[in-house]
1. What helices in the chain pass both tests, a Cα length along the helix axis of 20 Å or more and a mean Kyte hydropathy of 0.0 or higher, using whole DSSP H runs?
2. Which pairs in the list Lys203/Lys230; Lys24/Lys124; Lys124/Lys149; Lys124/Lys228; Lys203/Lys228; Lys124/Lys219 are over 28 Å apart, alpha-carbon to alpha-carbon?
3. Amide H of Leu46: which non-local residues (sequence gap of 5 or more, or other chain) have their own amide H closer than 5 Å, using H built in the peptide plane?
4. Place the peptides 66-77, 215-226, 311-322 in order of packing, highest mean first, counting for every residue the other Cβ atoms within 10 Å and averaging per peptide.
5. Among 23-35, 130-142, how do they line up by average Cβ neighbours within 10 Å per residue, starting with the highest?
6. Note down the relative contact order for the range 2-171 as a percent, whole number, built from C-alpha pairs under 8 angstrom at least six residues apart.
7. If the elastic network links every pair of Cα atoms under 10 Å, which of Pro118, Pro352, Pro144 fluctuates the most in the Gaussian network model of the chain?
8. Mind giving me the FRET efficiency for Asp265 and Lys359? R0 is 22 Å, r the Cβ-Cβ distance, nearest 0.05 is fine.
Amino acid sequence: MNRLITQILRIIVGGLFIFSGLIKLNDPMGMAFKLEDYFAPDVLNLTFLIPITLGLALVIVIAEVLLGVALLLGWKSKLTIRLLMALIVFFTFLTFYSAYFNKVTDCGCFGDAIPLTPWQSFTKDIILLVFILWIWKFERQIRPILSPKSGVIAMSVVLLLNVWMGYYVLRHLPFIDFRAYAVGKNIADGMKPAEELGLEPPKHLTYYTMVNKETGAEKKVDSDAYVKDKWWKDEAWEIDSDRTFTKQISKGYEPPIHDFVLELDGDDVTDAVLEEDEIVLIISYDLRKVNAKHFPRINSFIIGAEERNIPVLMLTASDGEWVEDLRHEHQLAFPFALADQTTLKTIVRANPGVVILQKGTVVAKWNPRDLPESEKFFNR
């Protein structure tokens with residue numbers, strides 16, 4: 001029976017690590033952004049690691065896939081199981097930190113494909129931790145499927161394929177876009193609140209600690225009861241503000257897009273942009289990190305748009321000084337609008353990236369390396 005359970009758990013753990021790794025390898029920049037969140041000053045305060053988050057992300061996700069494959073093949077099982085344990089302990093720490101301190105609200109365990117709450121992520125990691133402990137205890141029951149030489153060849157091929165996949169998506173875009181700004185998605189539709197769609201919105205309650213001024217007695221009262229029972233009228237009780245907290249009690253529907261706001265010269269131009277028949281958006285979440293060598297190609301592409309009176313707008317989260325420097329250096333004639341940095345990172349995994357909207361619907365997006373000839377695209 002122990003042998004059967006070990007083999008079943010081996011398949012489950014190996015399969016999950018492969019799936020999780022490939023999902024994140026499809027979008028390593030997303031994983032890097034998530035690591036930046038963890039390393040931020042107000043979270044783990046490991047800011048010295050922020051410059052290498054992309055490299056760390058690639059190492060972690062490729063390790064996930066390799067260890068998952070190695071476990072299924074029974075290749076170097078002792079080393080594999082111990083490395084799996086180290087990796088799951090690392091993930092468990094991150095997800096517990098996210099859940100307990102509510103610092104990073106999405107661990108990115110399965111990228112954008114399967115969003116999990118911090119507590120769901122932590123629970124998943126605890127289960128995997130138990131599974132790996134079982135496999136470790138009965139590791140002698142694991143036999144390699146391939147010969148030592150074939151195992152090395154198989155693992156080498158898997159490594160090369162993973163490195164190629166990571167290299168490809170970083171130079172282009174993810175193979176599959178799971179985000180709310182994927183091609184075919186309408187941004188305005190993604191912003192509609194639950195009430196407009198006839199759905200139940202998330203419900204939150206605020207909990208107050210009421211303290212009796214005379215006796216010191218305490219009562220926990222939620223915001224619904226506070227209003228219903230008119231606690232504010234009773235002068236004998238006061239709120240201990242230091243112990244007030246808010247808790248979500250039902251998930252409900254939350255719009256996938258909630259921070260798409262564009263500001264141009266102090267004016268909100270969000271609706272105007274979404275109502276354009278067609279508009280070209282050049283996106284750079286941070287002009288300090290932008291790959292400026294792509295701007296000649298972008299300038300060449302937008303000539304076709306301007307010839308057809310299609311507006312062009314650049315979206316960035318950087319301040320005016322960086323905008324003006326870039327504008328003059330590369331002779332950029334199009335206007336710049338401000339947007340939230342996280343939103344821009346989410347729209348397109350390139351810096352810069354190019355997105356085409358038609359009436360608020362994403363019809364195309366590219367890494368500048370893949371920009372088509374403007375005449376062919378706009379004459380389609």
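What follows draws every value from the coordinates through simple rules; no lab data is involved. All figures in this text were calculated on a predicted structure; none of them were measured in a lab. Cβ atoms come from the backbone with ideal geometry, glycine included; neighbour counts cover every protein chain shown.
1. Numbers: long enough: 2-25 (34 Å, 1.38); 53-73 (30 Å, 2.70); 77-101 (35 Å, 1.48); 118-137 (28 Å, 0.93); 148-171 (35 Å, 1.12).
What comes out of the filter, once short or polar helices are dropped, is 2-25, 53-73, 77-101, 118-137, 148-171.
2. Numbers: Lys203/Lys230 21 Å; Lys24/Lys124 17 Å; Lys124/Lys149 35 Å; Lys124/Lys228 39 Å; Lys203/Lys228 17 Å; Lys124/Lys219 35 Å.
Beyond 28 Å between Cα atoms: Lys124/Lys149; Lys124/Lys228; Lys124/Lys219.
3. Ala40
4. Working: 66-77: 21.1, 215-226: 12.8, 311-322: 17.7.
Ranked from most to least packed, the peptides come out as 66-77, 311-322, 215-226.
5. Values: 23-35: 23.2, 130-142: 16.3.
The packing order, highest mean first, is 23-35, 130-142.
6. On the way: 213 pairs, mean separation 53.3, N = 170.
So the answer I get is 31 percent.
7. Pro144
8. On the way: r = 24 Å, r/R0 = 1.07.
According to the calculation, E is roughly 0.40.
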